[in-house]
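The values are calculated or read from the model by the stated rules, or taken from the named source; none is laboratory data. Fair warning: this is a prediction, and the values are worked out from it, not measured in the lab. As a convention, Cβ positions derive from the backbone with ideal geometry for all residues, glycine included, and neighbour counts pool all protein chains shown.
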Amino acid sequence: MRIYLFSARNLKRNMVLAAVPVLAAAAFTSVLTRQPAVVVPTLTEHSGIVYRVKTEEPVAALTFDISWGEKVPPPVLDILDREAVKCTFFLSGPWAVKHPEIARRIADDGHEVGSHGWRHENYSTFSDAVIKEEIAKAHRALKETTGRTPALIRTPNGDWNERVVKAISEAGYRAIQWSVDSLDWKDIGAKASTKRVLDQAGPGAIILMHASDSAEQTPDSLPGVIQGLKEKGYQLVTVSELLKHGRGVAE
Ligand SMILES: [Zn+2]
């Protein structure tokens, strides 16, 4: 089950297989009730869980998760300000409540506010109802502290399965993963982290970074990441903006 969960290819195949009886039932129901059949996602729609955006254009999104601390976020915001780059920040609810002035600055600086949920625990261990409660609790906190209405979530630890994604979309959110992991959370060194991102980033990439105090090296690696991507001709945008450039895909 574990392996199955993390294989995008298997997941896709199973989702297609799972869709067959659902579609058949929907078609049958619509005949009986003369109601239009359920809306089937088309190939132009974003996946419920997005790892990257399919595009040929040189666009990418830097994303930052924050769940604790107050030392790393301000220098990160200063660098983004200096480089005139807008990003997506996934903020945990309790962090925003504890640091409302930093949360507010993120929004005021023009960055996109996403949710990193409430408790930093794996959603696959929660019931659907609890997942929705966690999301709603964080949603209220982020709305109060930032004045924004988040619609994107990065689940704690990036943990998910099909049921989690369904509960998330029923809560009005889209789950955002990443296609490039800076490994800044592993403290691999600023230079190594910058090189990793520059080597792996491609068109439509979603780049995972952290601005929690545990990711002390982020302010050191970030300028190189931004400059390197700019030199390669990349335009850096928020995740919502990136999703306008192509289909968000789960692979
Ligand atoms: Zn996290």
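Some notes on this structure:
- Any hit, the stretch 180-194, residues being among the hydrophobic types (A, V, I, L, M, F, W, C) and over 23 Å from Asp220 (Cβ atoms): no
- None of Ser179, Ser214, Ser169 is over 17 Å from Val76 (Cβ atoms), surrounded by fewer than 20 Cβ atoms within 10 Å (Cβ to Cβ) and touching a residue at least 24 places away in the same chain (Cβ under 8 Å) except Ser169.
- Looking only at the stretch 182-193, and only at residues there that are buried (at least 23 other Cβ atoms within 10 Å of the Cβ) and not acidic (Asp, Glu), the one that is farthest from the ligand (Cβ to nearest atom): Ser193
- Residues that are assigned by TED's automatic domain parsing to the domain that holds Ala129, assigned to a helix (DSSP H, G or I) and modelled with pLDDT under 95 are absent from the stretch 238-249 altogether.
- Here Val164 clears all of (1) surrounded by 21 or more Cβ atoms within 10 Å (Cβ to Cβ); (2) at pLDDT 95 or above; (3) closer than 30 Å to Gln227 by Cα except the condition numbered (3).
- With respect to (1) within 27 Å of Glu101 (Cβ to Cβ); (2) within 14 Å of the chain's Cα centre (by Cα), the lone exception for Gly158 is condition (1).
- Residue within the stretch 82-104 that is at pLDDT below 95 and under 16 Å from the mean Cα position of the chain (by Cα) present: no
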